Structures are given as structure tokens and as C-alpha cells.
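The values are calculated or read from the model by the stated rules, or taken from the named source; none is laboratory data. Please read these numbers as outputs of a predicted model, since none were measured by experiment. Ideal geometry is used to build each Cβ from the backbone, glycine not excepted, and the neighbour counts take in all protein chains shown.
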Amino acid sequence: MIDLIHTYWLYFLVGQYPNGPLGGLALTVLLAALALVLALPIGLLLGLARVSPFRAVRWPVTALVHVVRGIPLLMVIFWAYFFLPGVTGHQTGQFSTMLMALVVFDGVYLAEIVRAGIQGVPRGQFEAARALGLGYPRAMQRVILPQALRSMLPSLVNQFISTIKETSLGYIIGLTEASFIAAQINTQVFTRATQVYLLLGLTYFVLCFGLSRIAHLLERRLARRAPVRAARPSAAVPLANESNA
Amino acid sequence: MPRFDLALMLHGQYHDWLVTGLFVSLKLAAVVFVFALPLAIAIALLRLAPLRVLRALGMVYVEGIRNVPLLAHLLFWYFGAPELLPDAVKERLYAGNFEFIAGAIALTLYTAAYMAEDIRSGIRAIPVVQFEAGRALGFGFLATMRRIVLPQALRITVPPLISQTLNLWKDTSIATVIGVAEMMYQAARVESASFRSAEAFAFATAAYLTVSLAITGLAAWYHRRFPVRTI
């Protein structure tokens, strides 16, 4: 197993880079990070639409969320593969296809995290903001979202873990991410599939488990701060704290 | 581009392929569910066991499985694990319907890890005095679990378990990587045979959505019929 790592570690980490396109584990992490960053604004908008007071906004987005959550990610990838060339006018590569599918899929899942975060903020906060004369957008922007987004932080890290795991589906459309590279190494050494795929699993495990510990730490830190906020029910005090921080 | 013509998928050969795929998907999900649920209960009990060694064992299982993508599990069970067997057995396996078995094993182990966590948090939601009262009345660990804790935990646990089943349904699609002839596999097959991508994908999407909505509806019904009692 050691000689396997010794021979192939660089190939597994970056693919054929710098003599070819970036691949391997680096591509996995890059793709997941990019997808999550691009999905964030979409998730925020969709999440706000999900709690919108206007039915015309709320209903179509609710329908979209239910449809996307009802089908597998692989289905979204197949649709992206089919639609993207028609939209952009030329053949799209595996990376952009995978990225678009992940952005749509994650955007919808993030929307639910945002919605839960907004609905988790006590109703009195919103009413107090409105009573102080802030309009709906301002109350959202200044009072609700800062509190909601903070409580979402652990969920965001967890979503990043899910996204890393989801990038493995790039294998199916021939994207040279970690799983694909592992399969290629397997065909090269041929007789040691058990070790190759164990190492692949171990790599994902180290990456995702490490991140999940970070999410856990964040959760604990947030839980420690929460009682302070609860002890002072006045809305003005935590707001003042936040602007200082 | 040819006109969108769903009728092509509603009868004839392509229709038969797609429907076969749908039934393989359903069968896979059903088989996995039947095996994963008892395994999940066992692992949840392991994670709550009085012995520290057993608890650690349960945790290693859950964390080890959940932090690795399902695709890597599938690749391991299909390509990796048979490597450990003697050649004769291996050949027999690959000659048969091994992709379905490997897919079922990977999905069962994967789903069970998630279900175990739902069951565990359901059990933990029951106040510990219920457990202590059971023990004080002379029930053993297992009897207390079966007669006092689990019946109460069930109402809390079933809704997340149903949503885990929805995840399982969607996850069956990934089994296509090892060649299980399920819905996604047949949709891709129809696509390459007919170049009717939109129609084939529309059929598959509708099939996935229908089953997903049925599972979601079941969850909503259960939630109304058996509301969680606040203890």
C-alpha cells in the first residue's frame, strides 16, 4: 500500500497538472468550494423568496424547491449536460456542467437552510424592527439576516461536506476529480482494487471528518454565545454588540 | 433539434426499457430498506450501549461511513471487495448479477449509518428517567428498550426515517456507476439508442418525482396521524 501511495500521490492530488488540466483531489475541493460560493447568493435569494409575504413569489419558488429536492442530483447533472450546450451555444466541458448542476442543487438546499435560519429568529425581533419604523427589506437586512446567518454557519460547513461528497458524481460524466483519478490508477495497477478504493475512501474521510469537527466546534461556540443573547431580551443590546464586533 | 415527443416514451421498446429501470430502482430501494432498518436499529443501540467499547464501535461505523461519498462505497464493493476472494468465486460473482448485490450492500451500509443517527436522537429525546423507571421495575436493558423507550421514540423517529427513505430512493440513482440497470441507467441507454435525451430524462424525472412525492405525502400523513406527544 505504501508503494502505491509513493507512486501515485501526486497524480491523485492534482491529476496531470501542470502538464495537463487540473484534476484529482485539488479539483474536488476547488469544485466544491466554487459551487458553494456561487450557490450562496442563489440560496439566499430563494430562501428569502420562500418566506416572502407575496404569494406570487413564494409559490413558484416553493414548487421549484420541491421538484429539485424530489429528484436525484444525477438527474440534475444529466439535465445540465443536455441543456447547457443549447443555452451557451457551444459544447460545455465536464467542469462547467458539474458546476452548474451543483450550483442549482446546492442553491435549493441552501434556500431551506436560509429559510430555517430566518424562521429560527424569534418573531418579536421582526415585529420590533417594524415597530421602530424599518421597512420589510431593511428589517430583513439589518435585524433578521445578521442573526439568521450566524446561526446558519454550522449548517453551511455541513453543506460544504455534502458538496464535496456530491462532486464524486463527476466520475459519471468523466470529470477527472478524485474518484475518477482513483479509477484510472486502478486500471493502471490493475490487481489492487481493494487498496486503491480503500485509500480513496480514507482520503474523503480525512477531508470530510475534519470539516465536520470544525462544524461541531462552531456549533459549540454558537451555543455558548446564545444564553448571553437570551439573558438580555432587549433587541437593541445584541444589535449594538454586533456592530461593535 | 427534433420536436419534443413524449409519446415515444409512453409505449414501445423505449418505454419498456424505462419501466424495467423504474422497477429495478424500486426493487433496489425496497431491498436496501428491509436490510438497512434492522442494521440501523442495532447500530443505534450500539451507540447507546452501557459499554464504552461498544459505543466507540458504533461511532466509528457511523462516522466512517457518512464521511465517504456513496460513489466511493459503490466502487469499493463492486471493484475492490471481490479482489479479496479467490479467483473462482470472483468469476462466478461477475458472471451473475453481482452489480445489483454490490449496489445493495453499499447502499444498505450507507443508509443504515444515517438511519442509525435518526434512531439514536429519537431514543435520546426520551427522558432518561423513563429508562431508569423501567430498570427499577426489574426490566433488563433490552426489555426496557423494547417495552418502554422504543414505543415512545418511534413517534419522534419515524418522520426523519421517512425522509431518510426519500434520500435512499434518490441515492439508488448512483448505483448506475457500477452498471445496475436502474432508472438512470436505462434513461442513459434510451438516450444513446434514440438521441431522444429530453424525452428520456423527462420520463425519469417524472418517475423519480412521483415516488418522492408519495414518500413526502406519507411523511405528512404520519405527522398528522401520530403527532409527537410532548412529555
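A few points about this structure:
- Subset tally (residues that are over 23 Å from residue A:224 (Cα atoms) and in a loop (DSSP other than H, G, I, E, B)) for segment A:121-151: 4
- Taking segment B:111-228 as the region of interest, the helices (runs of 4 or more DSSP H) fully inside it that hold 2 or more residues being touching a helix residue (DSSP H, G or I) at 6+ places or on another chain (Cβ under 6 Å) are B:128-136, B:150-171, B:183-194, B:197-225.
- Meets criteria (touching a residue at least 12 places away in the same chain (Cβ under 8 Å) and over 25 Å from residue B:176 (Cβ atoms)) for residue A:121: yes
- Unique match (being farther than 17 Å from residue A:80 by Cβ, hydrophobic (A, V, I, L, M, F, W, C) and facing chain A (nearest Cβ under 10 Å)) among B:228, B:211: B:211
- Test result for residue A:102, in contact with a Leu (Cβ under 9 Å, 6 or more places away or on another chain) and within 14 Å of chain B (Cβ to nearest Cβ): yes
- Residue count, segment A:186-220 (criterion: of a type outside the set (A, V, I, L, M, F, W, C), at the interface with chain B (Cβ under 8 Å from one of its Cβ atoms) and free of Cβ contacts under 8 Å to residues at least 12 places away in the same chain): 4
- Some residue of segment A:31-45 being touching a strand residue (DSSP E or B) at 6+ places or on another chain (Cβ under 9 Å) and either in contact (Cβ under 8 Å) with a residue 12 or more places away in the chain or among the aliphatic types (A, V, I, L, M) (or both): yes
- Test for residue A:191: is it modelled with pLDDT under 95, surrounded by fewer than 19 Cβ atoms within 10 Å (Cβ to Cβ) and closer than 30 Å to residue A:10 by Cβ: yes
Okay, residues lined up against (1) within 27 Å of residue B:214 (Cα to Cα); (2) at pLDDT below 95; (3) under 20 Å from the mean Cα position of the chain (by Cα):
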residue	(1), (2), (3)
A:76	yes, no, yes
A:81	no, yes, no
A:92	no, yes, no
A:102	yes, no, yes
A:113	yes, yes, yes
A:116	yes, yes, yes
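- Any hit, segment B:42-60, residues being touching a Gly at 6+ places or on another chain (Cβ under 6 Å) and either at pLDDT 95 or above or aliphatic (A, V, I, L, M) (or both): yes
- Residue check for residue A:183: at the interface with chain B (Cβ under 8 Å from one of its Cβ atoms) and in a helix (DSSP H, G or I): yes
- Applying the set (1) touching a residue at least 60 places away in the same chain (Cβ under 8 Å); (2) touching a Leu at 6+ places or on another chain (Cβ under 7 Å) to residue A:92 leaves exactly one unmet item: (1).
- Options A:149, A:153; residue that is more than 14 Å from chain B (Cβ to nearest Cβ), within 22 Å of residue A:61 (Cβ to Cβ) and in contact (Cβ under 8 Å) with a residue 24 or more places away in the chain: A:149
- Of all the listed residues (B:172, B:157), the sole one being among the hydroxyl-bearing types (Ser, Thr, Tyr) and within 14 Å of chain A (Cβ to nearest Cβ) is B:172.
- Residue B:107 vs. criteria part of a helix (DSSP H, G or I) and either crowded, with 19+ Cβ neighbours inside 10 Å or modelled with pLDDT under 95 (or both): yes
- If only residues of segment A:168-180 that are more than 8 Å from chain B (Cβ to nearest Cβ) and either among the aliphatic types (A, V, I, L, M) or in a helix (DSSP H, G or I) (or both) are counted, the one that is nearest to residue B:62 (Cα to Cα) is A:178.
- When the residues of segment B:35-86 are filtered to those that are at the interface with chain A (Cβ under 8 Å from one of its Cβ atoms) and of a type in the set (Phe, Trp, Tyr), the one that is surrounded by the most Cβ atoms within 10 Å (Cβ to Cβ) is B:76.
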